[in-house]
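Only one structure is covered here, and it is reproduced in the block below.
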Amino acid sequence: MKVVIFGATGMVGQGVLRECLLDSRVESVLAVGRTSLGRRHPKLREVIHGDFTDFAPIGAELAGLDACFWCLGMSASGKSAAEYRRVTYDYTLAGARELAERSPGLTFTYVSGEGTDGTGRSRARWARVKGETENALLAMDGLDAYLFRPNYIHPVHGERSKTPLYRAAYAATSWAYPVLRRVAPGQVTSTERLGQAMIAVVGRRGGGEGERVLRSREINRIAGGAGVE
């Protein structure tokens, strides 16, 4: 399959990119971003693009694809409501619309987060915006959307968050991941498992209507359960 990744420089995107490059089912990977990844691989091709509210200038690059892994996101901490909405909702929907037009029927996997609220009633602004984004993706013609809502994601192959606070938190709590896997397996996953589950969902076109929303427990099961680190 031919896939595109948005947000491949972030921690989650790094993990998904790694799994795509390793998986024989993935024929080619297009990474769309503002800056270069700084790496080379026979499967990998990059497109540098500046305006994430308008993907029409690179529309030809987004044609003939089988899947999109949308890993682009930001923390709501310290961000204005307008800035957070622009990155979370506007960027995602701009990319999805262009892909729906250029690659109709494409499977769109969106990394959201545990606590996302599609009803609009949550007190947390980020949860409402994420929920609105999810709802718009599910309703969009031309896309086969799947929503990934992991809770804690552990980096296992050197992936690094772009947010300094998050990097410090991961460094301080990395020792706890093996414990959490045993005592709360439904609340944790890893960058590797998340990437493998996203690829698996695309490969089999998901698990039916009941699995449009996938949380950590489902992500780990689809990725292969305990056999995957």
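The values are calculated or read from the model by the stated rules, or taken from the named source; none is laboratory data. Note that the structure is predicted; figures quoted are calculated from it, not measured. All Cβ positions, even for glycine, are placed from backbone atoms using ideal geometry, and neighbour counts span all protein chains on display. Ligands, DNA and RNA are excluded from the accessible area calculation, which covers all protein heavy atoms including side chains. Shrake-Rupley method; radii C 1.70, N 1.55, O 1.52, S 1.80 Å.
In whole percent, how big is the carbon plus sulfur part of the accessible area of the chain, probe 1.4 Å, protein atoms only? So the carbon and sulfur contribution to the accessible surface is 50 percent. Using the 1.4 Å probe convention, the accessible area of the chain works out to 46 Å² per residue with neighbouring protein chains retained. With coordinates expressed along the principal axes, the C-alpha atoms belonging to the range 27-164 extend over 44, 37, 25 Å, beginning with the largest.
With K and R counted +1 and D and E -1, the other residues having a Cβ less than 12 Å from that of GLY118 yield a net charge of +2. Taking amide hydrogens as placed 1.01 Å from N in the peptide plane, the amide H of ARG215 sits under 5 Å from those of ARG149, each at least 5 positions away in sequence or on another chain. Across the range 72-79, coupling constants 3J(HN,Hα) worked out from phi with the 6.51/-1.76/1.60 Karplus curve, θ = phi - 60°, read 7, x, 8, 6, 6, 5, x, 9 Hz, and Gly and Pro carry x. In a Gaussian network model over the chain where Cα atoms closer than 10 Å are linked, find which of ALA136, ALA176, ALA56 has the largest mean-square fluctuation. Of the options given, ALA176 has the highest mean-square fluctuation.
In plain terms, the chain from GLU114 to ALA136 could stretch by 6.1 nm, reckoned as 0.36 nm per residue minus the Cα-Cα distance.
Listed by number, the DSSP H helices of the chain that run 15 Å or longer by alpha-carbon position along their axis and have mean Kyte hydropathy of at least 0.5 are 11-22.
What base-10 log of the normalised intensity I(q)/I(0) is obtained for the range 3-97 from the Debye formula, alpha carbons as equal point scatterers, at q = 0.13, 0.25, 0.26 Å⁻¹? Each listed q corresponds, in turn, to -0.44, -1.44, -1.51. Selection among SER103, ASN151, LEU65 by position relative to the dipole of the chain gives ASN151 as farthest towards the positive end (Cβ unit charges, Cα centre). At 222 nm, what helix-only mean residue ellipticity would the chain give, in deg cm²/dmol to the nearest 500, using -39500 (n - 2.57) for each DSSP H run of four or more? Taken over the chain, the calculation gives -11000 deg cm²/dmol.
Largest first, how would LYS162, LYS2 line up by accessible area (1.4 Å probe)? It would help to have the intermediate numbers written out before the result.
Working: LYS162 140, LYS2 80 Å².
Putting LYS162, LYS2 in descending order of accessible area: LYS162, LYS2.
Beta carbons within 10 angstrom, averaged per residue: use that to sort the peptides 48-54, 58-64, highest first. Mind showing how you got there, number by number?
Details: 48-54: 12.6, 58-64: 14.1.
Packing proxy ranking, top to bottom: 58-64, 48-54.
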